[in-house]
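Each remark here refers to the structure printed beneath this line.
The values are calculated or read from the model by the stated rules, or taken from the named source; none is laboratory data. Please read all numbers here as calculations on a predicted model, not as lab measurements. So basically every Cβ, Gly included, is an ideal-geometry build from the backbone, and we count neighbours across all protein chains shown. We work out accessible area using only protein heavy atoms, side chains counted, and drop any ligands, DNA or RNA first. Shrake-Rupley method; radii C 1.70, N 1.55, O 1.52, S 1.80 Å.
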Amino acid sequence: MIDLKALKIDVDGAVVWLRLNRPQRANALDRGLFRDLVRACEWVDAQPQLRVAVLVGEGKHFCAGADIALLEDLRRIGSSHGCAAEARDAVRREIRVLQSALTAIEQLRIPVIAAVHGACIGAGVDLIAACDLRYAAADARFCIKEVDMAIVADVGTLQRLRHVIGLPTLGELAYTAETFSATRAHEIGLIASPYESRETLFAEVENLARRIA
């Protein structure tokens with residue numbers, strides 16, 4: 001089994017559970033977790049017995065977005081070059097590295113199911129956008145948060161979700177940073193089904209994963 005720090009892998013027959021494991025930070029994505037996602041996907045792809053992956057978050061929330069420390073790193077990179085063009089290119093290269101983690105999920109040879117509870121904010125939405133199927137507990141709340149921070153949702157949400165929920169709805173959510181419920185997420189087609197509790201969510205997703213496998 002691969003050794004990761006910010007991500008746990010549990011294998012149950014043909015189903016692999018990928019567990020975001022920074023509960024003390026509400027599973028906010030830092031550099032370590034981005035790296036672990038890439039390494040985990042490479043490992044999963046190399047296991048011929050695996051047929052379905054389930055992406056979940058440990059603790060109270062699925063994912064609270066990008067870690068503030070990571071955003072500070074990007075800001076520092078953008079201001080550490082004397083030439084403005086070089087600074088922008090340095091930031092672009094860093095963002096490409098982050099994008100590769102989400103693309104790794106999207107390009108897995110097996111279907112990936114996202115099971116969301118609690119907060120799914122900013123980069124958390126990027127994560128589930130890269131998955132094939134999405135389900136949520138009733139306590140889930142979603143937000144494309146980037147506009148509130150004066151940045152662009154630049155690691156996949158805008159490109160992937162336009163094909164899932166449609167460009168008009170995506171545009172509204174991206175420009176307003178509206179926080180919306182699992183019920184609304186179901187209405188707009190972001191998730192397939194909402195479930196009344198986390199326990200029900202995980203049980204139903206496990207049953208679905210076994211059926212697909």
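For the chain, the relative contact order is 19 percent, taking Cα pairs closer than 8 Å that sit 6 or more residues apart in sequence and dividing their mean separation by the residue count. Computed 3J(HN,Hα) for the stretch 92-109, one whole-Hz value per residue from the Karplus formula 6.51 cos²θ - 1.76 cosθ + 1.60 where θ = phi - 60°, is 4, 5, 5, 5, 4, 5, 5, 4, 5, 5, 6, 5, 4, 5, 4, 8, 4, 6, glycine and proline marked x. Relative to the longest principal axis of the Cα atoms of the chain, helix 167-176 runs at roughly 60 degrees. Each label point was placed 7 Å from the Cα along the Cα-to-Cβ direction; for residue 5 and residue 204 their separation is 3.7 nm.
Springs join every pair of Cα atoms under 10 Å in this Gaussian network model of the chain, and among 107, 99, 47 the largest mean-square fluctuation is at 47.
Amide H contacts of residue 54: 16, 17, 18, 113, each under 5 Å away and 5 or more positions distant or on a separate chain (H built 1.01 Å from N in the peptide plane; Pro and chain starts excluded). Charged side chains reduced to their Cβ positions (Lys and Arg at +1, Asp and Glu at -1) give the stretch 87-213 a dipole of some 400 debye around its Cα centre.
Given the options 41, 83, 63, which has the most mean-square fluctuation in a GNM of the chain, springs set between C-alpha atoms less than 10 angstrom apart? With Cα springs under 10 Å in the chain, the top fluctuation among 41, 83, 63 is at 83. Remark: spin-label model distance residue 183-residue 163 equals 3.2 nm, labels positioned 7 Å along the Cα→Cβ axis. Taking the Cα atoms only, what angle lies between the long axis of helix 198-212 and the longest principal axis of the chain, rounded to 10 degrees? Value to nearest ten degrees: 80. For residue 7, neighbours were defined as the other residues whose beta-carbon sits under 10 Å from its Cβ, and their charges (Lys and Arg +1, Asp and Glu -1) total +4.
Please give the charge dipole size of the chain, origin at the Cα centre, charges +1 on K and R Cβ atoms and -1 on D and E Cβ atoms. Round to the nearest 20 debye.
240
The residues of the stretch 79-185 expose on average 45 square angstrom of accessible surface per residue, using a 1.4 Å probe on protein heavy atoms. Split the accessible area of the chain by element, probe 1.4 Å, and carbon with sulfur accounts for 50%.
The amide H of residue 195, built 1.01 Å from its N in the peptide plane, has 136, 137, 138 as neighbours under 5 Å, considering only residues 5 or more places off or on other chains.
Only the Cβ atoms of Lys and Arg (+1) and of Asp and Glu (-1) were treated as charged; on that basis the dipole of the stretch 1-71 about its Cα centre amounts to roughly 200 debye. Binning all Cα-Cα separations of the chain at 5 Å, short to long from zero, yields these whole-percent fractions: 1, 7, 15, 20, 20, 17, 10, 5, 2, 1, 0, 0.
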